[in-house]
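Encoded as structure tokens, the structure appears first; notes follow it.
What follows draws every value from the coordinates through simple rules; no lab data is involved. Predicted model only: the values in this text are computed from it and were never measured. So basically every Cβ, Gly included, is an ideal-geometry build from the backbone, and we count neighbours across all protein chains shown.
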Amino acid sequence: MATKLATQIAQSHLKRGDVLVEYAFGPLILETSVEFRLWAPLVDHVSLRIKDSEPWPLARTEDGWHRCRVAGVGPGAHYQFLLPDGSEVPDPGSRYQPQDVHSFSEVVGVKSYEWRTLGWLGRPWEESVIYELHIGSFTAEGTFRAAIERLDHLVGLGVTAIQIMPVADFPGRYNWGYDGVLPYAPDSSYGRPEEFMALVDAAHERGVSVFLDVVYNHFGPDGNYVPLYAPLFTEHHKTPWGNGINYDGDGSTTIREFVVQNAIYWIMEFRLDGLRLDAVHAIKDDSEEHLLHELSRRVRAAAAGRHVHLIVENEDNDSDLLRRDGNGRPSRFTAQWNDDVHHVLHIAATGETFGYYQDYTQDYGKVGRALAEGFVFQGEHMPYRGKNRGMPSTGLPSTAFISFIQNHDQIGNRALGDRMVTYRPLEPVKAVIAIYLLSPQIPMLFMGEEWGAREPFPYFCDFDEDVNEKVRKGRREELSRLPGFDAEDLPDPTARSTFEAAKLNWSELDGTTASEMLAFYKSLLALRHEQIVPLLKGTGNTSGSFSLKGSVTAVDWTLASGSKLRLVANLSDEPAKFLPLPADEHLFVLGPVSEDALAPWSVIWSVRLAKT
């Protein structure tokens, strides 16, 4: 049955090999009509309602598809499907929901956008300096259009790629994005699909790549109607959000196609330069070819000839997903968010050891290992987690890892959503900044970090009141063990004020402190582009090495053509004895350095270029 269904999908939805020509989901816009289609194998009949018109019956085929062609309609038409029980549901392949997830879908001709940057092919991965942002709180307006106005700031900073938190349509007026239920439709609070395309176009005009965070491990708790008519979930796999998505059971061929085509849709129709796949460890699939492998294979085939980069968040530290071929090119995924680097640098700068930080404490050697090899835990036992974690990562280049000292999770996982600059002196903060921005790993900033923004970034959402109360209760229980927790002062994640408080205040850029911090970031990123990036291409499948002397960590990397990059850092409040490298090799020095000692929070980067 699965083979037959796969053949039908391939024939009826116009695929040629792995390269998708037309999408199976959502309305198909024809010359004088629109074909509406819904895969609903669990119901016998489905009707179509175009706004202000009588319902229109859809014809059901053996494989569970319901279709009809309606003449005289086109882009701009509003429609929804009617199920036998009277439920009115949006199109799961909707391209736009002008009145949120519970209302009509709109026919949108995404191919009609006139691109100005048709010659853009992307940027090589080693040039990446990533900037994570949330569209709703990046600007006061919280829209795609408003984000365009800030692109020049990012270019001047030295950013070469923006990574946008999920935009898939979610219920309510504000959300982090991980509660999306309509993965093809940018949320209407941010703007229309054409305005998202305009943001991508404007970024490309400035030489900036655009990555999008996508969620294929679960659907949000409100507004997901698919289980009413299709086998979206399976009881065979469990995730933190309940039953897993059905990627390997009866009907899974079409569910897999829905997700893989979504990834291709973003890359091809919106001309995105890459995707970041959320929490892939929670994507359970016992198929012969795992969904992740199929997705990466088909996305790369569809975008052949372009620089397209696929990023994973993977709590299991599965280095197999990051494997390289004999030429050092990614076989599946380009890189992984490296939580291990964050954890060791955060502990060094703050001294915090609560929760999951416990497994990373009391050992400066973990800093060296995370920077040199990527993963701290490569199969070893983690006492706090109570399990072994990770796989060997020493055969991977440093560019297989994305390093950061802040992101949406690591700030939002704090009880108050507070940023590091609000509770630590600048000396340790600047030390870890100087480490991760010049490391051979790919750096990622979180929005506002570059000027020391003090706005919090707590979790926020806007569901119906029943779900809101469950969220409030769940967050109180989850965060009660974290520093800064106070049951009375804890931000209400469902309140509009919590969302508004997270918006960046761009007027702060005029202040002296912000200007000084911004200059610090700019100087480091300029140095990175000038001195580090040229050494990253063609480094092969090699990692670094590290040594430890007291509180001083030394890390060495062999990069392109045999050039040597070295870091020496004293990440403590006390001076430390150490013999630094010759002064003429120094790229960057933070803190006073004597002939045999390093001041507290000193950082030295040096390079020895290969002889030509």
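Quick look at the values:
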quantity: Gain in span if fully extended, S515 to T117, counting 0.36 nm per residue against the direct Cα distance; calculated: 140.0 nm
quantity: Computed helical MRE - 222 nm, the chain, DSSP H runs ≥ 4 contributing -39500 (n - 2.57), nearest 500; calculated: -7000 deg cm²/dmol
quantity: Net length gained if the chain between K522 and S480 were fully extended (0.36 nm per residue, minus Cα distance); calculated: 11.4 nm
quantity: Counting DSSP beta bridges with both ends in the chain, the antiparallel % (nearest 5); calculated: 70 percent
quantity: In degrees, nearest ten, helix 291-302 long axis to first principal axis of the chain (Cα); calculated: 90 degrees
quantity: Sorted by Cβ neighbour density within 10 Å, fewest at the top, the residues M382, M268; calculated: M382, M268
quantity: Mean Cβ neighbour count within 10 Å, used as a protection proxy, ranking 588-601, 47-60, 161-174, 404-417 highest first; calculated: 161-174, 404-417, 588-601, 47-60
quantity: Centroid-to-centroid separation of the stretch 330-345 and the stretch 370-387 [C-alpha atoms, Å]; calculated: 13 Å
quantity: Using alpha-carbon coordinates, inclination of helix 339-350 to the longest axis of the chain, degrees; calculated: 50 degrees
quantity: Degrees between helix 426-438 axis and first principal axis of the chain (Cα, 0 to 90, nearest 10); calculated: 70 degrees
quantity: Euclidean distance between Cα centres, the stretch 103-124 to the stretch 129-156, Å; calculated: 19 Å
quantity: Charge dipole of the chain about the Cα centre (unit charges at C-beta), most positive-ward option of P186, A301, A146; calculated: A301
quantity: The stretch 532-603 versus the stretch 172-197: alpha-carbon centroid distance in Å; calculated: 43 Å
quantity: Amide H contacts of R276 (H built 1.01 Å from N, under 5 Å, at least 5 apart or other chain); calculated: L212, D213, V214, I311
quantity: Total charge dipole magnitude, the stretch 533-612, about the Cα centre, Cβ charges on Lys, Arg, Asp, Glu only, Debye to nearest 20; calculated: 400 debye
quantity: Lys, Arg +1 and Asp, Glu -1 on Cβ, resulting dipole of the chain about Cα centre, debye, nearest 20; calculated: 1680 debye
quantity: Selected from I435, H586, L228, residue furthest toward positive end of dipole (the chain; charges at beta carbon); calculated: H586
